[in-house]
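The values are calculated or read from the model by the stated rules, or taken from the named source; none is laboratory data. What you see is a predicted model; the values in this text were computed from it and never measured. Every residue, glycine among them, receives a Cβ derived from its backbone with ideal geometry; neighbour counts consider all protein chains shown.
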Amino acid sequence: MTLAELIAQARTALGTAITTRQQEQDALVALRSDDNLTEEAVTAQVARRDAADTEVTRRQESLDALEAEQAREEEVAALQARTTPAANRAPAYDRVARVGAEERTYRPDQDRRGQHFERDVAAAFLGDYEARDRLARHMAEERVERGDQLERAGGIVGTGAFSGLVVPQYLTDLYAPAAAARRPFADACRRHDLPAQGMTVNISRITTPTSTALQASENTAVSAQDIDDTLLTIPVQTIAGQQTLSRQSIERGAGVEPIVLDDLFRRYATTLDSTLLNQASTGLAASAATITYSGAPAKVVEVYPQVIAGLSGVESAMLDMASGENIVVMHSRRWYWLQNGLSATWPLISQPGIASQMGGTNLGASYGSGVRGVLPNGTPVIVDNNVVTNLGAGTNQDEIYVADRNECHLWEDPSAPMYIRAEQPAVASLGVLMVVYGYAAYTHSRYAQAQKITGVGLITPAFTGA
């Protein structure tokens, strides 16, 4: 996430905190005008208002810190643009690469198709010194503005060795990657490093506990039961994909190899996340206990209690092992449908940081950036479009999952995904084979705790405000 995105998120959070504080203050004013006013009620409401005040202060301090950091980054960038290396003291005027107020050598508003750049490349090979000078200035500008992108990792020869041959960024930076669902749920799981060896992960589960009971009388036998465990064996699975590129596309194209590699990484992330959710027998959907909702037509005020029932089921299964870090996972269409519901009914029990008039909080985060919002009872929501939407007899249902986040375990190799670039297999056809792969293991079944809301009430949503 960029600094600008963090600042936008912090501003949204501050706005929410200010709204909450105002609601608490309004509630306090209303309470003081109540004929049945009690000192305890006023004290409690003042405490809630003060807590909201504290939250506003905290959010403001966080925003101020981020804005100060952004201001400093802008200052450093300006300084960098004005700095001339010591080795280039007093260069000739026409050999100075001025980045900042001075225009770039190749500009998108004057040369949208890059024809000037292409002509200069051809002319330079034919001995045109002025074309070589323009290309050299362009390379100096590129090193200033995106030098970290020009050198290949690991000390391999980078584009700096081929002066003038880096295509202007505006010719390639608007390519449109294929959209991907990525890994919102996987990023919310409890992460572990995958062991260096072996194709299974084994966990011991106590399935027969010891026992205690009241002693019938003195000197009589006390309760006894032999403890026993069951081994939970989790397979290590391999996720992989490949693409063969022509050597011409790599050597004569602009950024082709990084673009293809980026797409393979995006598919890898999507497959991993979808596996965690949807794999037969072991995915979250298969391991969760079912809560059926059959409302017709479906209503937000009816679905929300099913989510609460799911949270109750999670706690009943976990008991003293519950971490309290519960999450709700749903498709984006279901999240927006929840936001479309309108009601004059407020919860009877308010939650910390959420005013009773609110039906939850939308944090304003973009897809795949973590928690999207908070339900009225304080449970965070993960929006993940790897949740399938073709379930049920009509193949148009989705599901809502409720789980203890710390019992959704994911083991990944710290280096995953890995990348293989092989030239020999397709050398006879001038091809380069690219393979992306990685190993992962997961389980949601250390405790049988996950719940899912399913049924005909979760068909394709209609946005009716109900």
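The single residue among 425, 376 that is surrounded by fewer than 16 Cβ atoms within 10 Å (Cβ to Cβ) and either within 15 Å of residue 277 (Cβ to Cβ) or at pLDDT below 90 (or both) turns out to be 425.
Residues that are modelled with pLDDT of 85 or more, surrounded by 13 or more Cβ atoms within 10 Å (Cβ to Cβ) and β-branched (Val, Ile, Thr) within the stretch 12-56 comprise 18, 46, 56, listed in sequence order. Within the set of pairs 6 or more residues apart or between chains, which connect a residue that is outside the structural domain of residue 23 (by TED's automatic domain parsing) and under 22 Å from residue 302 (Cα atoms) inside the stretch 358-385 to a residue that is polar (S, T, N, Q) and part of a strand (DSSP E or B) with Cβ atoms less than 6 Å apart? What qualifies is 373/361; 373/362; 374/361; 377/351; 378/351; 379/326.
Answer yes if at least one residue in the stretch 384-401 is modelled with pLDDT of 90 or more, surrounded by 20 or more Cβ atoms within 10 Å (Cβ to Cβ) and within 30 Å of residue 244 (Cβ to Cβ), and no otherwise. Within the stretch 384-401 (the criterion being modelled with pLDDT of 90 or more, surrounded by 20 or more Cβ atoms within 10 Å (Cβ to Cβ) and within 30 Å of residue 244 (Cβ to Cβ)), the answer is yes, since at least one residue qualifies.
In the set (1) of a type outside the set (A, V, I, L, M); (2) closer than 15 Å to residue 408 by Cβ; (3) touching a strand residue (DSSP E or B) at 6+ places or on another chain (Cβ under 6 Å), the condition left unmet by residue 324 is number (3).
Here residue 206 clears all of (1) more than 30 Å from residue 369 (Cα to Cα); (2) aliphatic (A, V, I, L, M); (3) without any contact (Cβ under 8 Å) to a residue 12 or more places away in the chain except the condition numbered (3). Of all residues in the stretch 1-24, those that are over 16 Å from residue 361 (Cα atoms) have Cβ atoms under 6 Å from Cβ atoms of residues that are at pLDDT 85 or above and part of a helix (DSSP H, G or I), 6 or more apart or on another chain, in 6/66; 7/66. For residue 181, state whether it is small (Gly, Ala, Ser), touching a residue at least 60 places away in the same chain (Cβ under 8 Å) and under 30 Å from residue 103 (Cβ atoms). Taking the combined requirement at face value, the residue does not satisfy it.
All told, residue 304 falls short of being under 17 Å from residue 461 (Cα atoms) and at pLDDT 95 or above.
Here's a check for you: in the stretch 205-256, which residue that is among the hydrophobic types (A, V, I, L, M, F, W, C), part of a strand (DSSP E or B) and surrounded by 15 or more Cβ atoms within 10 Å (Cβ to Cβ) is farthest from the chain's Cα centre (by Cα)? The extreme case among them is 245. Can you confirm whether the stretch 390-404 contains a residue that is without any contact (Cβ under 8 Å) to a residue 40 or more places away in the chain, under 26 Å from the mean Cα position of the chain (by Cα) and in a strand (DSSP E or B)? Looking through the stretch 390-404, none of the residues is without any contact (Cβ under 8 Å) to a residue 40 or more places away in the chain, under 26 Å from the mean Cα position of the chain (by Cα) and in a strand (DSSP E or B). Pairs are defined by a Cβ separation below 6 Å, a sequence spacing of at least 6 or placement on different chains, a first member in the stretch 415-443 that is part of a strand (DSSP E or B), and a second member that is loosely packed, with under 13 Cβ neighbours inside 10 Å and polar (S, T, N, Q); the pairs so defined are 435/242; 439/238.
Collect the residues in the stretch 241-277 that are closer than 30 Å to residue 448 by Cα and either of a type in the set (A, V, I, L, M) or touching a Cys at 6+ places or on another chain (Cβ under 8 Å) (or both), keeping them in residue-number order. The answer is 269, 272, 276, 277.
Okay, residues lined up against (1) surrounded by 17 or more Cβ atoms within 10 Å (Cβ to Cβ); (2) under 30 Å from residue 256 (Cα atoms); (3) aromatic (Phe, Trp, Tyr):
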| site | (1), (2), (3) |
| --- | --- |
| 410 | yes, no, no |
| 418 | no, yes, no |
| 440 | yes, yes, no |
| 461 | yes, no, no |
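The criterion of being under 22 Å from residue 354 (Cα atoms), modelled with pLDDT of 80 or more and either surrounded by 12 or more Cβ atoms within 10 Å (Cβ to Cβ) or not assigned by TED's automatic domain parsing to the domain that holds residue 369 (or both) does not hold for residue 70. The number of residues in the stretch 336-351 being modelled with pLDDT of 70 or more and in contact with a helix residue (DSSP H, G or I) (Cβ under 9 Å, 6 or more places away or on another chain) comes to 8.
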